[in-house]
Amino acid sequence: MRPETRVIHAGRHPEEHDGAVNPPVVRTSTVLSSTMGEWERRTAPGHKGLTYGRHGTSTTRSLEEAVAELEGGFRSMVYPSGLAANVGAILPFVGTGDHILLPDTVYDPVRRFATNALSRLGITASFYDPLDHVALTAAMRDTTRVVYVESPGSLTFEVQDIPAIAAIAHARGAKVVMDNTWATPLYFQPFAHGVDVSVQAATKYIVGHSDVMLGVVTTNEECWKQVKTCQLDFGQTASPDDLYLAQRGLRTMHVRLRQHWEAGIALARFIARQPEVERVMHPALPEDPSHELWQRDFLGASGLFGMLLRPMPEAAVAAFVDNMALFNLGASWGGYETLLKPMAPGTVRTATRWTHEGPAFRVHAGLENLDDLLEDLETGFKAMRARLD
Ligand SMILES: *Cc1c(COP(=O)(O)O)cnc(C)c1O
């Protein structure tokens, strides 16, 4: 089956639910047994059905099975947010005295988790240039347990050479943990490129409607037990209602992503042509420094990219934003709506030098009519220009 067909069918078992096309929302904490025999069956190791609400219900299994199949991994586990999933993918592999490597372009809350929580546990995190394999090789220590990758990187969209990085990590016995949220499993297959553990902030494209916080971790067979044990030990779980909405979003993800991809390219091209723009950062554009790697390893592009403006007064930036009706400011992405988010990558980076001096935005291309979006942008740039004259 091709990926678009898997999106429709993965994890659904109508035959188990009286033919109902969607998995029912099974909400429970307690699971009742009316005989000692039933109790013993339910509590025996390896029991496949319900055990306790926190351990998940058939609603949980349905989404986990679907995401594992799409990512091409062994099994998936759910977490109450994308960030909780990022944490749940790193913690199983590290203890006091260990070291992990994170790309300088990592999603900033993961950087904060590493520098705050991990350092208090005596675990050292260092940051590497996402494109410099010589420096990465040199940064590997005997205690390095995880080489974390995020491709393309948060805010600046550098595509990493995952197979090359996996070879460097595996040569020293480290696991490769990837944040695969931007591409989703439809546009990047992590396990086919040497990744051991993959994270989806399902809040973004899987849910797709800006109404649920959710994370999913998928592992290969070798890493599954370690990650699952950690998930259980930390009491991580997710609400059946949220899991239901995530599987509902998933069924249309391939259709939505095509539109996000097409709109993102069109908006990025339009933005790149404006004289006030220094450049856009979008790996699917042929002139982007990451384009070749993106073309080699990715099957598509989502709707998220970056734009760098030439230095200009704050009033001109405000006129740009304030005069657009469809480009509103907001965190998160992956929903149906177009978004802008002001960004300043230079303020957090430590392993690379960010030299851009003007204002910068992250852009999420939503599912609105493309001409409406382009006309709105045109209005914004005109208002900006009026402030520059
Ligand atoms: C948003 C995001 C996360 C975190 O997801 P939340 O559900 O907001 O916690 C993790 N990684 C990336 C790349 C993200 O964009």
Condition first: among the small types (G, A, S), within 14 Å of the ligand (Cβ to nearest atom) and surrounded by fewer than 20 Cβ atoms within 10 Å (Cβ to Cβ). Can you find one or more residues in the range 231-241 that meet it? yes
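Those residues that are in a loop (DSSP other than H, G, I, E, B) and either open to solvent by 70 Å² or more (accessible area, probe 1.4 Å) or at pLDDT below 95 (or both), I need them from the range 277-324; list them, please.
P286, E287, P289, L299, R310, P311, P313, N323
State all residues of the range 168-180 that are open to solvent by less than 10 Å² (accessible area, probe 1.4 Å) and within 10 Å of the ligand (Cβ to nearest atom); if no residue qualifies, say none. Break it down into steps so the answer makes sense when it comes.
Kept after step one, since they are open to solvent by less than 10 Å² (accessible area, probe 1.4 Å), are these residues of the range 168-180: 169, 174, 176-178, 180.
Matches in the range 168-180: N180 only.
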With respect to T203, determine if the residue is within 13 Å of the ligand (Cβ to nearest atom) and touching a Lys or Arg at 6+ places or on another chain (Cβ under 7 Å). no
Exactly one of E357, E368 is more than 16 Å from the ligand (Cβ to nearest atom), at pLDDT below 95, open to solvent by 20 Å² or more (accessible area, probe 1.4 Å) and assigned to a loop (DSSP other than H, G, I, E, B), and that one is E357
With criteria (1) touching a residue at least 40 places away in the same chain (Cβ under 8 Å); (2) within 30 Å of L70 (Cβ to Cβ); (3) surrounded by fewer than 23 Cβ atoms within 10 Å (Cβ to Cβ), P109 comes up short on (1)
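So, of the residues in the range 112-129 that are touching an Asp or Glu at 6+ places or on another chain (Cβ under 8 Å) and without any contact (Cβ under 8 Å) to a residue 40 or more places away in the chain, which turns out to be surrounded by the fewest Cβ atoms within 10 Å (Cβ to Cβ)?
We begin by selecting, within the range 112-129, every residue touching an Asp or Glu at 6+ places or on another chain (Cβ under 8 Å); these are 123-124, 127-129.
If we keep only those that are without any contact (Cβ under 8 Å) to a residue 40 or more places away in the chain too, we end up with 123-124.
Numbers: I123: 22, T124: 17.
Across the range 112-129, the extreme among qualifying residues is T124.
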From (1) open to solvent by less than 30 Å² (accessible area, probe 1.4 Å); (2) of a type in the set (V, I, T); (3) under 15 Å from F157 (Cα atoms), pick out the condition that doesn't hold for T352. (1)
Can you tell me how many residues within the range 2-48 are closer than 20 Å to R248 by Cβ and among the hydrophobic types (A, V, I, L, M, F, W, C)? 7
Could you tell me which numbered condition G73 fails, if it satisfies all but one of (1) farther than 30 Å from T156 by Cβ; (2) touching a helix residue (DSSP H, G or I) at 6+ places or on another chain (Cβ under 6 Å); (3) not hydrophobic (A, V, I, L, M, F, W, C)? (1)
Reported set for the range 139-167 where residues are open to solvent by 20 Å² or more (accessible area, probe 1.4 Å) and in contact with a strand residue (DSSP E or B) (Cβ under 7 Å, 6 or more places away or on another chain) is A139, R141, T143, R145, L155
For the range 319-348, what are the residues that are without any contact (Cβ under 8 Å) to a residue 60 or more places away in the chain, away from the ligand (no atom under 16 Å from the Cβ) and of a type in the set (G, A, S)? A325, A344, G346
In this structure, is T347 open to solvent by 70 Å² or more (accessible area, probe 1.4 Å) and over 24 Å from the mean Cα position of the chain (by Cα)? no
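Here's the yes/no breakdown for (1) of a type in the set (D, E, K, R); (2) within 21 Å of R258 (Cα to Cα):
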position: G334; (1), (2): no, yes
position: T352; (1), (2): no, no
position: H356; (1), (2): no, no
position: R362; (1), (2): yes, yes
position: A365; (1), (2): no, yes
position: E378; (1), (2): yes, no
Just to confirm my filter: which helices (runs of 4 or more DSSP H) fall fully inside the range 21-131 and include at least 2 residues that are basic (K, R) and more than 16 Å from the ligand (Cβ to nearest atom)? 36-43
Filter result (without any contact (Cβ under 8 Å) to a residue 24 or more places away in the chain and closer than 30 Å to A114 by Cα) within the range 355-389: T355
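The values are calculated or read from the model by the stated rules, or taken from the named source; none is laboratory data. Keep in mind that what you see is a predicted model, and the values were worked out from it rather than measured. Virtual Cβ from ideal backbone geometry, glycine too; neighbours counted across all protein chains shown. With ligands, DNA and RNA removed, areas are computed over all heavy atoms of the protein, side chains included. Shrake-Rupley method; radii C 1.70, N 1.55, O 1.52, S 1.80 Å.
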